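Readers should treat all values here as calculations from the given coordinates under stated rules, not as data from a laboratory. These figures come from a predicted structure and were not determined experimentally. Using ideal geometry, Cβ is built from the backbone for each residue, glycine included, and neighbour counts are taken over all protein chains shown.
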Amino acid sequence: MKTLVTGGAGFVGSHLVDRLANEGHEVICFDNFITGRKENIKNSKIKILQGDVNNKEDVRDLFKKHRFDNVFHYAALVGVKRTLETPLDVLGDVEGIKNILEAARKQDVKKVVFSSSSEVYGDPVEIPEKEDGHLNPKLPYAVVKLIGEKYLEAYHKKYGLNTTSLRFFNVYGPRQDSSDYGFVVGIFIKQALKNQPPTIYGDGTQTRDFVFIEDNINATLKTMTSRESNGQSINIGTGMPITIYNLAQKIIKLCGKNIEPVFVNNQREDVRHRFPEIKKMIDLLDYKPIFDLDRGLKKTIGWYKKEGK
Ligand code: UDP
């Protein structure tokens, strides 16, 4: 099996290429290395190619040199704040979606998986959030993800290309690069390990559904062989959201610290709640998360300690 992962040097992508290589795939990691990192790829069996998925020629060359069985299209402009600073930039990702779908269709790729996001729900109209329920995308980033989903669905209907979009809820774990652009788990862990109080934005009652990276990858791998998932969008979450205040307390405790979080004003527009229904994931992918938050956080904290972050 030859498998392409665009954005394969990013946080989620790099875990995916690792697992695919371990399971015997011939893996091509294609990345422009703007947010992806070469250090994330340690397995020498993984072939790293530098290129821009939003550039037609780069994708044409890539598909000329290789015949792929599976394509995971994960390359994207990441960081919600980054996409707000320069809202038009994220529209460039539409080109990547077009390039990948056309190349995959022409080459008769067996499966195309697209990394969508819980952001397509925006401020949820209903709780829990159901794949076939109301969508309320607010951010330019979310609108582009939704365009991707709709085009994957259209290519499945029109050309019979096997496609699935995965709506990732908040993924966390080793290698996640937290910064001003977000990713709260890493931010809180770094703060706690330095004995600094975790900075809660607002009152901390907002909720998120945190999914450990290994669960995210397990569910993703199931997508490759699930015929029922073709033409579908599927939530990848745990169905057990937590408030940001409780998350901060949990991280402080697991880091063995005796500190209290602080509440700070932050101007960023924040979604209040995220709460996925995960029935479709269980039914179509036959997968239920196996990591509870404590276990996933312990592994993540261990990594931050080891890396001296
Ligand atoms: N958050 C926080 N303190 C921080 C960073 C984030 O309280 O230092 C909150 C943020 O306001 C949001 C949640 O944590 O409600 C998740 O933020 P993240 O950037 O990880 O992801 P997203 O907002 O995209 O779900």
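A convex hull fitted to the Cα coordinates of segment 20-69 yields 84 cubic angstrom per residue. Using only side-chain charges placed at the Cβ, +1 for Lys and Arg and -1 for Asp and Glu, the dipole size of segment 100-244 relative to its Cα centre rounds to 540 debye.
The GNM of the chain, with springs linking C-alpha atoms under 10 angstrom apart, assigns the highest mean-square fluctuation among Asn55, Asn99, Asn235 to Asn55.
Phi-derived couplings, Karplus 6.51 cos²θ - 1.76 cosθ + 1.60 at θ = phi - 60°, listed residue by residue for segment 228-239: 5, 7, 5, x, 10, 10, 9, 5, 10, x, 9, x Hz, with x used for Gly and Pro. When the Cα positions of Ile236, Phe33, Phe114 are compared along the charge dipole of the chain, Phe33 comes out farthest toward the positive end, with charges on each C-beta of Lys, Arg, Asp and Glu.
Which pairs, out of Lys253/Lys299; Lys81/Lys145; Lys2/Lys111, put more than 18 Å between their alpha-carbon atoms? Cα-Cα > 18 Å for no pair; all within.
In this simple spin-label approximation, Thr205 and Ile242 carry label points 7 Å from Cα along the Cα→Cβ vector, and these lie 2.0 nm apart.
Label sites at Arg105 and Lys298, each approximated as a point 7 angstrom past Cα along Cα to Cβ, lie 4.9 nm apart.
For the chain, the relative contact order works out to 16 percent when only alpha carbon pairs closer than 8 Å and six or more residues apart are counted. Dipole orientation for the chain: of the candidates Ser44, Trp303, Gln191, Ser44 has the Cα lying most toward the positive pole (charges on Cβ; Lys, Arg +1; Asp, Glu -1).
Every helix of 4 or more DSSP H residues in the chain counts as -39500 (n - 2.57), and over all residues that averages to -12000 deg cm²/dmol at 222 nm.
Annotation: extensible slack from Lys288 through Asp132 equals 54.2 nm (criterion: 0.36 nm per residue apart, minus Cα-Cα distance). Rounded to the nearest 0.05, the FRET efficiency derived from the C-beta distance between Arg19 and Arg60 at R0 = 35 Å is 0.80. Taken about its Cα centre, the chain carries a charge dipole of about 820 debye when Lys and Arg each add +1 at the Cβ and Asp and Glu each add -1 at the Cβ.
Each eigenvalue of the Cα gyration tensor of segment 175-309, multiplied by 5 and square-rooted, gives one semi-axis; in descending order these are 29, 17, 12 Å. Of all aspartates and glutamates in the structure, those lying under 17 Å Cα to Cα from Lys106, and not within fewer than 8 positions of it along the same chain, are Glu57, Asp58, Asp61, Asp69, Glu95, Glu153.
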